[in-house]
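What follows is one structure encoded as structure tokens, with my remarks underneath.
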Amino acid sequence: MYTCVQVTESNSTSVSTKTGTGSYVKTEVHTRTTTSSNRLTKANSVSSSPFAKFQQLERQNSAPNSQTRPCYKFTDPALARSASSIKDRLLNWVKAQTKEYKNLQVTNFSTCWSDGLAFCALIHHFYPEAFDYDKLTPEKRRENFEIAFKVAEDEAGIAPLLDVEDMVVMRKPDWKCVFTYVQTFYRRFHNDPRSVKPSYFE
């Protein structure tokens, strides 16, 4: 951070003071005005990843003194059922797109996505020529995330809402983060001719 300080001096001011004898004495008063302006030219902070922002929001919402309710909690039973229904419908849609992939079971939005293969299978279903899914292994988690996120962005225009480094560190990803990202796949592909519709859409 660099600081630029500008100093300016004002003209002298004449002050007349009445003495006890009734005469006036003129005094020159010199004043100095200092003006400081800060100009930030270099930032040391690194912008937070989307995953970190999700975590920060969750901490704020779950704070003991928080006056607001977390956006993902519902007190109205009808709303809770509706939210659960949306979650289940999205999960069923994902299952329909990835059912042809062996050794892959997507039953939640957390641990089932921790090795990156579910993301790879989902985007590979729509772009099978982009990479060879059969060469991927659960052990190469970083590579899986990098491939899935890059192909989704390059081929489908889906912004990488999740960060590779965050996903590699987390063995149990926050389901809300995964759920939000997977929603962008659904919005992009649910009307695509290649999209397999689960039975409840029939």
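Taking segment 169-191 as the region of interest, how many residues are part of a loop (DSSP other than H, G, I, E, B) and surrounded by 11 or more Cβ atoms within 10 Å (Cβ to Cβ)? Let's see the steps before the verdict.
Filtering segment 169-191 for residues part of a loop (DSSP other than H, G, I, E, B) gives 170-174, 190-191.
Those left that are additionally surrounded by 11 or more Cβ atoms within 10 Å (Cβ to Cβ): 170-171, 173-174, 190.
Final tally of qualifying residues: 5.
Scanning segment 129-139 for residues that are open to solvent by 40 Å² or more (accessible area, probe 1.4 Å) and within 17 Å of LYS102 (Cα to Cα) yields a total of 6.
Can you tell me which residue in segment 173-202 is modelled with the highest pLDDT, limited to those that are out of contact with any Ser or Thr (no Cβ under 8 Å at 6 or more places or on another chain) and among the acidic types (Asp, Glu)? Break it down stepwise before answering.
So the first thing to find is which residues in segment 173-202 are out of contact with any Ser or Thr (no Cβ under 8 Å at 6 or more places or on another chain), and the list is 176-177, 179-188, 190-202.
Next, only the ones that are among the acidic types (Asp, Glu) stay: 192, 202.
On the way: ASP192: 96, GLU202: 38.
The selected residue is ASP192.
Any chance segment 110-128 includes a residue that's out of contact with any Leu (no Cβ under 8 Å at 6 or more places or on another chain), farther than 15 Å from LEU91 by Cβ and open to solvent by 70 Å² or more (accessible area, probe 1.4 Å)? No - not one qualifying residue is present in segment 110-128.
Please go through segment 140-158 and pick out each residue that is of a type outside the set (Lys, Arg) and open to solvent by less than 60 Å² (accessible area, probe 1.4 Å). Spell out how you get there, then give the answer.
From segment 140-158, those of a type outside the set (Lys, Arg) are 143-149, 151-158; that's our starting set.
Scanning segment 140-158 gives ASN144, PHE145, ILE147, ALA148, PHE149, VAL151, ALA152, ALA156, ILE158.
The values are calculated or read from the model by the stated rules, or taken from the named source; none is laboratory data. Computed from a predicted structure; not experimentally measured. Here Cβ is always computed from backbone atoms with ideal geometry, including for glycine, and neighbour counts include all displayed protein chains. Ligands, DNA and RNA are excluded from the accessible area calculation, which covers all protein heavy atoms including side chains. Shrake-Rupley method; radii C 1.70, N 1.55, O 1.52, S 1.80 Å.
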